[in-house]
Amino acid sequence: MERRILLTFDLEEFDLPLEFGCPISDEDQMNVTNNGLQRLTRLLSKYNIPATFFTTAFYADKNRELIKSLSANHEIASHSKYHSEFNETDPFDSKIEIERIIGKHIYGFRMPKFRKIDISIIKEAGYSYDSSINPTFIPGRYNNLFTQRKIHLDTWSNLIEIPVSVSSLIRFPLFWLSFKNIPLPIYYHMCKTAIQKDSYLHLYFHPWEFDDLESFNLPWYIKNPSGKSFSGRFEKLILKLRKTGAFSTISGYLDSLGSV
């Protein structure tokens, strides 16, 4: 089977500045995400790349026509109801709300910030797969060094778990911050090694990274690069990755495995 590249994006309100004590209005949160999404979707269309977007129900409700249009060429999955708030009914409520907006079935769920969640809640909400695990150690966030690294079936819940990719030996994270902060040839080499080892590569980013974040009082390792420079760097990655396999949505990949 051809190797697959799963590009996923957490489509959420840009509330990150609030974590660093920087006020930002709901309107500006939406504008930053929408500006970045516009630049991102142009790039994906240019190379005919399908992707999976994990959107919060809050964002989807504020951008109904946009989400519905996005669902024509990409997979839409749930990123819970809000990005910074959570209660146990949110996986179920967000699934219902997003499905009502796009008129399609939602298969996947990703917990905001990869916070821990009882997998039974996700299963009972009606999802087929969960993508809430980054199987590595991120100081101050989580320690998942002893979780399963690859796609697997959780036998207790009968739910498919789809961790994001890390390097195979030391579990170096291949997430958005690594892409921004290490030399591109080194990052690509780790991605290439991962796809050769696992037959697939699962990466995640945020649409707001594609907007200019220079005016925000955020750490340099978060906002540099952003906007056009980030988009140019991302395009270089796409051109390299497409030599290693075919791009696919998560549900498309699972369907090819007979799992959805």
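Things to note:
- Only one entry in 100, 4 is touching a strand residue (DSSP E or B) at 6+ places or on another chain (Cβ under 7 Å) and basic (Lys, Arg), namely 4.
- Any hit, the range 103-111, residues being aliphatic (A, V, I, L, M), touching an Asp or Glu at 6+ places or on another chain (Cβ under 7 Å) and at negative phi: yes
- Qualifying residues in the range 235-252 (those that are surrounded by fewer than 19 Cβ atoms within 10 Å (Cβ to Cβ) and over 16 Å from residue 192 (Cβ atoms)) - the one farthest from the chain's Cα centre (by Cα): 235
- Scanning the range 57-84 for residues that are out of contact with any strand residue (DSSP E or B) (no Cβ under 7 Å at 6 or more places or on another chain) and more than 24 Å from residue 123 (Cα to Cα) gives 62, 63, 64, 65, 66, 68, 69, 72, 73.
- Which listed residue is touching a residue at least 60 places away in the same chain (Cβ under 8 Å), closer than 26 Å to residue 50 by Cα and of a type outside the set (S, T, N, Q), from 162, 186: 162
Read-outs: derived from the displayed coordinates by stated rules, not from any lab. Not measured: the values here are computed from a predicted model. For neighbour counting, all protein chains shown are included, and Cβ atoms are generated from backbone atoms with ideal geometry for every residue, glycine included.
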